[in-house]
Every structure is written in C-alpha cells, then in structure tokens.
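Structure first, then comments.
The values are calculated or read from the model by the stated rules, or taken from the named source; none is laboratory data. Values in this document were obtained by computation on a predicted structure and should not be read as measured data. Note that we place each Cβ from the backbone using ideal geometry, even for glycine, and neighbour counts take in every protein chain shown. Quick note on the areas: whole protein, heavy atoms, side chains included, nothing else; ligands and nucleic acids left out. Shrake-Rupley method; radii C 1.70, N 1.55, O 1.52, S 1.80 Å.
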Amino acid sequence: EYVRWQNSCNTPEQIADEIYIESPFAHPGVVFRKRIVDLVGGYRDGPFPEDYELWLRLHRAGHAMAKLPEVLLDWREYPSRTSRVDNRYSREAFDQLRAEYLAQEPRLLKRRNLAIWGAGRKTRKRCKPLLRKDFKPVAWIDIDPKKIGNRLGGVPVVSPEWLEQAAPKPFVLVYVANHGARELIARDLHRYGFKRGNDYLMVG
C-alpha cells in the first residue's frame, strides 16, 4: 500500500498536498542540490525518521519536490531494515514529527477553526501530539452512527454532512488511515466544496 501511494504521489502539488501522509520518497532514490539542503540545516539527528524530517523542513521552506517519470531504483524490502526495527520509525515517532510541522503549516494556521475526520480511539491517539500544541477542533467528523451526537472533550462528533453547512468553513485534517478510506473521504469533501491542499489535508 505504501509503494502504491508513493507511486501515485509525483508532482510538486501532489507532494505538497500529501506530505503529511508519509515520506513521499524512497530515500535511496533521492537526488538534491547540496547547497539547498545545507541552507535548511542538513540532516538532523533525533527521535524521528531523519529523511522524512528533512523533506518536511524543505516543504516548510517552500521548496518544490517532484519525481522523474522513470524507474531508477531497485528497492529491496527485508524485515530487518532500519525503518522496520528502529524506534525512530515507530508510529509514535511519525505522529510526533507530523505534529511538529503541522503546527507550523501556513494552510492550517490561516484557518484556526479545525475539524478532524475520525473520532475513533486510534485516531484520537494519533492526533494527540497536535492537540497538545494548543489546537482544538470545532468538530470531530465520523460516519459511525454510534459516535455521532456524542461529545469528546466537549467537542461534538458530527456526520460528514455537517460540512455542507459549517460556517465559517473549517480546515479539515483527515486522520483516517484505513486502506481505501482516503479516496472515499476525498470524494465526499470535494462534493461539499472542499479543495485538497486549500481546505483539507490527509494525515498518515
């Protein structure tokens, strides 16, 4: 699924709009100008995936990134590779890193009325690092009728249809990561007049 998503994320616009899902590049296949990477501080050590952190920093600095329409890398997958066994590549490390950069994302900061799509326990756990940075949603969005109408931390759980009438229009972060769900959610958001990158972002 990761390789399928990577191979569909190619243009500068696609990469900018989907960079919070996962690392859009297989690290061995990346080529860049050393001067530009030096200007943003190079690779950093820390409790996070160092390559993904660099791509997020380049994105924040306004650099366009893209892929060539050619197969140039034979990528070997094996269970003991670092990204499978090192804590820097854990789910928690990725969630924390995304939160650091989402909290500085101009598209989100412009519209502080935030809605989060996904009200399940796993989703709430994954978005906690962002909420700890003084972000509070105006609504949780979910399709589960057992959740709709409840309140989580004082915030209502609403159905997707709520977005049609919401004023002002919230910025939506979609934290649902089930296979195939993002495509269905994107279809609904477009139907409600939300544009990817401008009005919502997918989060891995």
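Of the residues making up the range 40-64, those that are farther than 20 Å from ALA93 by Cβ and in contact (Cβ under 8 Å) with a residue 12 or more places away in the chain are VAL40, ALA61, HIS63, ALA64.
Just one residue in the set VAL71, VAL138 is open to solvent by 50 Å² or more (accessible area, probe 1.4 Å), aliphatic (A, V, I, L, M) and closer than 23 Å to HIS27 by Cα; that residue is VAL71.
Does ILE36 satisfy being in contact (Cβ under 8 Å) with a residue 12 or more places away in the chain, in contact with a strand residue (DSSP E or B) (Cβ under 6 Å, 6 or more places away or on another chain) and of a type in the set (Val, Ile, Thr)? Spelling it out, it is not the case that ILE36 is in contact (Cβ under 8 Å) with a residue 12 or more places away in the chain, in contact with a strand residue (DSSP E or B) (Cβ under 6 Å, 6 or more places away or on another chain) and of a type in the set (Val, Ile, Thr). State whether one or more residues within the range 24-35 are on the phi > 0 side of the Ramachandran plot and either among the hydroxyl-bearing types (Ser, Thr, Tyr) or open to solvent by less than 80 Å² (accessible area, probe 1.4 Å) (or both). Scanning the range 24-35 turns up no residue that is on the phi > 0 side of the Ramachandran plot and either among the hydroxyl-bearing types (Ser, Thr, Tyr) or open to solvent by less than 80 Å² (accessible area, probe 1.4 Å) (or both). Considering the range 143-155, the residues that are without any contact (Cβ under 8 Å) to a residue 24 or more places away in the chain and buried (at least 16 other Cβ atoms within 10 Å of the Cβ) include one that is farthest from the chain's Cα centre (by Cα), namely ILE148. For ALA93, the stated conditions hold: it is in a helix (DSSP H, G or I) and either loosely packed, with under 12 Cβ neighbours inside 10 Å or under 20 Å from the mean Cα position of the chain (by Cα) (or both). What residue, among those in the range 170-187 that are surrounded by fewer than 17 Cβ atoms within 10 Å (Cβ to Cβ) and charged (D, E, K, R), is nearest to the chain's Cα centre (by Cα)? Step by step, filter the range 170-187, then rank; the result is GLU183. When the range 1-20 is filtered for residues that are within 21 Å of ARG84 (Cα to Cα) and either modelled with pLDDT under 95 or not in a loop (DSSP other than H, G, I, E, B) (or both), the ones remaining, listed by number, are GLU1, TYR2, VAL3, ARG4, TRP5, GLN6, ASN7. Is it true that ASN87 is among the polar types (S, T, N, Q), in contact with a helix residue (DSSP H, G or I) (Cβ under 8 Å, 6 or more places away or on another chain), touching a residue at least 12 places away in the same chain (Cβ under 8 Å) and surrounded by fewer than 17 Cβ atoms within 10 Å (Cβ to Cβ)? The answer is yes for ASN87.
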